[in-house]
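The values are calculated or read from the model by the stated rules, or taken from the named source; none is laboratory data. Here the structure is a predicted model, which means the values were calculated and not measured. All Cβ positions, glycine included, derive from the backbone under ideal geometry; neighbour counts span all protein chains shown.
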Amino acid sequence: MLKVQEIREIIKLIDQSNIDEFSYETNGTKVQMKKQQGEVMTTPSVVQQPAVQAQPEPAPKQEVVKEAPKKEVKEEPVKEEAPKTQGGTDFDAEVKSPMVGTFYQSPSPDQEAYVKVGDQVKEDSVVCIVEAMKLFNEIEAEVSGEIVEILVKDGELVEYGQPLFRVKSK
């Protein structure tokens, strides 16, 4: 049976993709997802195998399978705005997360962060790691300039397209 966290990850991945319909079946549990007019609808269901009885039994056994609650996830339109000066921070570019996952500032807990406020970065500079489904993905700045603000904390869950850093380009 799928865990709730696994179902949530599948919903997020389907939501971010151009797949319109998804179906998955394992161990008698079936999950179906279908996008309809900007919404992701999930319908978990239980597949029961037909019972074959050779002889009548005094008390037939019945399996109790918990069915996950139905969920509807609505997509919210992503607002694309030009970077502004917020709280006195001057920037003209943002490094955004290319995926859903966990944000890490350093390659391991006992090492220094890839970048700090005030550091200079180039387009190919690694600025952080986003861990998704046990894979650690190095995220590059994709812009040259100075890091002026770090928007997320180490170990925090980040969404697709979420700004991670603000950069004042050269």
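A compact table of results
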{"item": "Filter result for D110 (farther than 26 Å from K35 by Cα, exposed (fewer than 13 other Cβ atoms within 10 Å of the Cβ), in contact with a strand residue (DSSP E or B) (Cβ under 6 Å, 6 or more places away or on another chain) and modelled with pLDDT of 55 or more)", "result": "no"}
{"item": "Whichever residue in the stretch 116-170 is in contact with a helix residue (DSSP H, G or I) (Cβ under 9 Å, 6 or more places away or on another chain) and among the hydrophobic types (A, V, I, L, M, F, W, C) and, among such residues, is farthest from V95 (Cα to Cα)", "result": "M133"}
{"item": "Candidate set: the stretch 101-140, residues that are among the acidic types (D, E) and not in a loop (DSSP other than H, G, I, E, B); chosen: the one nearest to R166 (Cα to Cα)", "result": "E140"}
{"item": "Strands (runs of 3 or more DSSP E) completely within the stretch 1-50 that count 3 or more residues being at pLDDT 60 or above", "result": "21-26, 29-36"}
